[in-house]
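The structure appears right after this line, and notes come after that.
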Amino acid sequence: MFSFEKLYSMGHEQVVFFSEPSCGLKAIVAIHDTTLGPALGGTRMWPYTSEEEALTDVLRLSKGMTYKAAVSGLNLGGGKAVIIGDPKVDKSEALFRAYGRFIESLNGRYITAEDVGITVDDIDHIYAETNSVCGVAIIHGGSGNPAPYTALGVFRGMQACAMKKFGSKSIAGKTVAVQGVGAVGFELCKLIKQDGGTIVYTDINEKNIQRIREHIEDATYVEPDKIFDVDCDIYAPCALGASVNDETIPRIKAGVICGAANNQLKEDRHGTILKQKDILYAPDYLINAGGLMNVSIEFEGWADSKSRRMINTIYDTTLKIFSISDEKDIPTNRAADVLAETRIKQMKDISNSFLGRAVEHRFPGQKRRHLLR
Ligand code: NAD
């Protein structure tokens, strides 16, 4: 299952397997690329059916983090971790403390955070053992819930799309079809409404539907499968991945696709199809980077204003990607890759010793540790 061949082809620097039988810990950390800084990416806890499946997932996810940090202008590399286990039954303080000690042994090369199956309480256990963790509770000096910041980044990306497609960055008078009004989708709807946009939405969770009814009374609900047929200006996927595919593209009436979900395109070639159909696609891993930007500044002292200023840059970066797409006549998803790859390549030319000092300056490890829970 494991091969250096595979690591070479995907560009990974390091893969570490951690085990602690006394608490059932089986974890894999993949550090993809640290050219720009320490590798930051969440830990996912999932009942993988095989170790091979876990390894494939962590290799794929960590590479994605390199691109996300690079395109967002962050001084961070890409990494990710998976813990093999069922989050409903296999969690314990001992497991996360053991995991935290292993992360500590990586000496700052990898910084972890929340991902699927991990809660703030789990992060607190990890934080008891290592500074190399972010997304900790506000009372411990962390940044708290990332959803409003992720939504802000998506909204800035949406404004850039509106500027490019409709000639004004305002969403006023535009109809946005939102798929999924969970943590991020709900916050995004509030921003769209504030700017004067009209919302059509769907969800499968009654509680989340009810929340929209209470807060945005004039938003219109449609059944989940009908969201692709809505007569709208912007389609905002904020639920699961792969909602842009061969079946849905012919139905989408929007001129813009811009939402929070990860991996919105089922396959890369769907970006080409969108370009051919003149549907402007905002690359997901850039416009949903607000949450990553928000946690990244925990190491220099988190502040709401600092976070918002950083997230506002998503507007300009989105427009830059559209320019690359036009100049090179390539789809926008590919243009985002080009921007990320170019930055990493340029930074590789700077000597490692210089980068090492810069990283140490930006991530002063010893300052944040809390010793008591
Ligand atoms: P969430 O679970 O809070 O919300 C997702 C919502 O989508 C839920 O209300 C769920 O019921 C709904 N949903 C699921 N399947 C659906 C379907 N078939 N049709 C309609 N609705 C459906 O998750 P979230 O934190 O809001 O994240 C949303 C997306 O954004 C995810 O893809 C996530 O990976 C991505 N994302 C989130 C963050 C963040 O800060 N939370 C950051 C980056 C990317």
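The values are calculated or read from the model by the stated rules, or taken from the named source; none is laboratory data. Not measured: the values here are computed from a predicted model. Neighbour counts are summed over all protein chains in view; Cβ atoms, including those assigned to glycine, are modelled from backbone coordinates with ideal geometry. Just so you know, the surface numbers come from the protein's heavy atoms only, side chains and all, with ligands and any DNA or RNA stripped out. Shrake-Rupley method; radii C 1.70, N 1.55, O 1.52, S 1.80 Å.
Can you say whether A289 is touching a residue at least 60 places away in the same chain (Cβ under 8 Å) and not assigned by TED's automatic domain parsing to the domain that holds I234, as far as the supplied structure shows?
In short, no.
Applying the selection to segment 239-254, what residues are open to solvent by less than 20 Å² (accessible area, probe 1.4 Å) and either in contact with a helix residue (DSSP H, G or I) (Cβ under 7 Å, 6 or more places away or on another chain) or within 13 Å of the ligand (Cβ to nearest atom) (or both)?
Of everything in segment 239-254, those that are open to solvent by less than 20 Å² (accessible area, probe 1.4 Å) and either in contact with a helix residue (DSSP H, G or I) (Cβ under 7 Å, 6 or more places away or on another chain) or within 13 Å of the ligand (Cβ to nearest atom) (or both) turn out to be S243, V244, T248, I249, I252.
Test each condition in (1) within 14 Å of the ligand (Cβ to nearest atom); (2) in a helix (DSSP H, G or I); (3) surrounded by fewer than 15 Cβ atoms within 10 Å (Cβ to Cβ) for V295 and report the one that comes out false.
So the condition that V295 fails would be (3).
Output the number of the condition that R156 fails; it satisfies all remaining conditions of (1) within 19 Å of the chain's Cα centre (by Cα); (2) near the ligand (Cβ under 9 Å from one of its atoms); (3) open to solvent by 30 Å² or more (accessible area, probe 1.4 Å).
The number of the failed condition is (2).
Among residues belonging to segment 188-231 that are open to solvent by less than 70 Å² (accessible area, probe 1.4 Å), within 8 Å of the ligand (Cβ to nearest atom) and in contact with a helix residue (DSSP H, G or I) (Cβ under 8 Å, 6 or more places away or on another chain), point out the one that is nearest to A162 (Cα to Cα).
Looking at residues that are open to solvent by less than 70 Å² (accessible area, probe 1.4 Å), within 8 Å of the ligand (Cβ to nearest atom) and in contact with a helix residue (DSSP H, G or I) (Cβ under 8 Å, 6 or more places away or on another chain), I get T202.
Counting just the residues of segment 119-153 that are of a type in the set (V, I, T) and open to solvent by 10 Å² or more (accessible area, probe 1.4 Å), which one comes out farthest from T332 (Cα to Cα)?
That would be I139.
At least 2 residues that are crowded, with 24+ Cβ neighbours inside 10 Å and free of Cβ contacts under 8 Å to residues at least 60 places away in the same chain in each: list the strands (runs of 3 or more DSSP E) lying fully within segment 12-109 that qualify.
25-33, 77-84
Which one of these is modelled with pLDDT of 95 or more and either in the same structural domain as C134 (by TED's automatic domain parsing) or not in a helix (DSSP H, G or I) (or both): I314, I330?
None of the others qualify; the one that does is I330.
Six or more apart or on different chains, Cβ under 6 Å: which pairs go from a residue in segment 213-238 that's farther than 17 Å from G182 by Cβ to one that's modelled with pLDDT of 95 or more and not in a loop (DSSP other than H, G, I, E, B)? Could you list them?
Listed by first residue and then by second, the contacts come to T220/V200; V230/A177; V230/V200; C232/T175; C232/A177; D233/T175; I234/V176; I234/V256.
Identify, from the list D278, D233, the residue that is on the phi > 0 side of the Ramachandran plot, charged (D, E, K, R) and outside the structural domain of G108 (by TED's automatic domain parsing).
Only one candidate qualifies: D278.
Kindly indicate whether any position in segment 114-125 is in a helix (DSSP H, G or I) and assigned by TED's automatic domain parsing to the domain that holds I204.
No: zero hits.
Given the condition open to solvent by 10 Å² or more (accessible area, probe 1.4 Å) and within 16 Å of the ligand (Cβ to nearest atom), answer yes or no: does some residue in segment 162-178 qualify?
No.
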